[in-house]
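Colleague: Below are the structure tokens for one structure; questions will follow.
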């Protein structure tokens, strides 16, 4: 019976993220599982705030990309947290650009005016409504800073943008969130 329990529970791997990514780069599937177990809850929370409809798909696409990018992890940091958040952020941005291109193409083909989806489910929290009203660039910066706790310097490195841009986006995102909160509260 004990051996059955052990097989049902994943063994806690204490290897560093850098070591796990080296093992992933060498083709070890179990190492990818350990990274997934470590980081999928935080990455999923982030994805749910950035793109609620496709959050799980963003998460899974992130780990598919990790499999190919693992050899590029530089190992300067023992934690892959910021690196993984950078990957999921890029995937979300790529998806947004693709969807915009698709929407423009469909609008041209159908010759119908574009409709904007502004209403969200009544069950969504006020914060999710405020986030959805923001541009994707502001929303990503706000969630990375306020929810995930990354510093502006880390965000700038993840998104490969100047730190001044991060500060500006964060300032405007906070301002929009406050305005949205006031609007929803009245």
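The values are calculated or read from the model by the stated rules, or taken from the named source; none is laboratory data. Computed from a predicted structure; not experimentally measured. Reconstructed Cβ throughout: ideal geometry from the backbone, glycine too, with neighbour counts over all protein chains shown.
Colleague: Can you tell me which residue in region 124-144 is modelled with the lowest pLDDT, limited to those that are surrounded by fewer than 20 Cβ atoms within 10 Å (Cβ to Cβ) and over 22 Å from residue 100 (Cα atoms)?
Modeller: Among residues in region 124-144 that are surrounded by fewer than 20 Cβ atoms within 10 Å (Cβ to Cβ) and over 22 Å from residue 100 (Cα atoms), the one modelled with the lowest pLDDT is 124.
Colleague: Right, something else. Please specify each residue of region 137-164 satisfying the condition of being free of Cβ contacts under 8 Å to residues at least 60 places away in the same chain and in a helix (DSSP H, G or I).
Modeller: Correct list: 137, 138, 141, 142, 145, 146, 152, 153, 155, 156, 163, 164.
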